[in-house]
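The structure under discussion appears below in the form of structure tokens.
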């Protein structure tokens, strides 16, 4: 388990009860609003609870889950503004989010790793309800760029030298992709992993910015 995984797990325990309660109240508010769409105060309450969830999730650095909460809040606001074409589908998607997010948090509290990309289909369905373009998988990628570089990381080149050899990164990227594809296909998997490591070390050596080297 990485240190970051442990931090997410422990801090989540401190706010889990609050999150569960807020999501439950948001779900109840949505059910009431679906039965009484004229009661805008109920939908505002739903949005308010989701806003609290969003802030809490960001505080504990669960950014993927926080993004889903933010999208649900945005959908609530769009429904209130009567800017949703297919309202019944939007209700169903919002309710699915209010069911799936607590399940995801429950898995995290049970010790499972935070893999926010599994939330991407839900996230894009929420965005589709607002007629927004889908997000790619990279939108759910939040690497910890505050991590220390390992001792075996190669020394960085000077900025001038790295700029002069920038073209080499194109070849290194292609090499890495070929090695990764070979690994996926099971073609000398152990050898491909060794090659990928060497290629990444070569890329690291050509990065003079600390965040690039950490990545």
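The values are calculated or read from the model by the stated rules, or taken from the named source; none is laboratory data. Computed from a predicted structure; not experimentally measured. Quick reminder, even Gly has a Cβ in these numbers, built from the backbone with ideal geometry, and neighbours come from all protein chains shown.
Odds and ends about this structure:
Here's the yes/no breakdown for (1) without any contact (Cβ under 8 Å) to a residue 60 or more places away in the chain; (2) surrounded by 12 or more Cβ atoms within 10 Å (Cβ to Cβ); (3) touching a helix residue (DSSP H, G or I) at 6+ places or on another chain (Cβ under 6 Å):
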site: 126; (1), (2), (3): yes, yes, yes
site: 132; (1), (2), (3): yes, yes, no
site: 137; (1), (2), (3): yes, no, yes
site: 158; (1), (2), (3): yes, no, no
site: 176; (1), (2), (3): yes, yes, yes
site: 186; (1), (2), (3): yes, no, no
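Results for (1) closer than 23 Å to residue 138 by Cα; (2) modelled with pLDDT under 95; (3) in contact with a helix residue (DSSP H, G or I) (Cβ under 8 Å, 6 or more places away or on another chain), shown as yes or no for each residue.
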| site | (1), (2), (3) |
| --- | --- |
| 42 | no, no, yes |
| 45 | no, no, yes |
| 48 | no, no, no |
| 51 | no, no, yes |
| 54 | yes, no, yes |
| 61 | yes, yes, yes |
| 73 | yes, no, yes |
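- Set side by side, the residues 29, 69 differ, and just one is free of Cβ contacts under 8 Å to residues at least 24 places away in the same chain and buried (at least 20 other Cβ atoms within 10 Å of the Cβ), which is 29.
- Among the residues listed as 68, 15, the single one being at negative phi and within 15 Å of the chain's Cα centre (by Cα): 68
- Among the residues of the range 78-112, those identified as farther than 25 Å from residue 39 by Cβ and surrounded by fewer than 12 Cβ atoms within 10 Å (Cβ to Cβ) are 103, 110, 111.
- Restricting the range 162-212 to residues that are within 15 Å of residue 150 (Cα to Cα) and modelled with pLDDT under 80 leaves a set whose member that is farthest from the chain's Cα centre (by Cα) is 210.
- Count of the range 189-214 residues which are assigned to a loop (DSSP other than H, G, I, E, B) and closer than 19 Å to residue 171 by Cβ: 3
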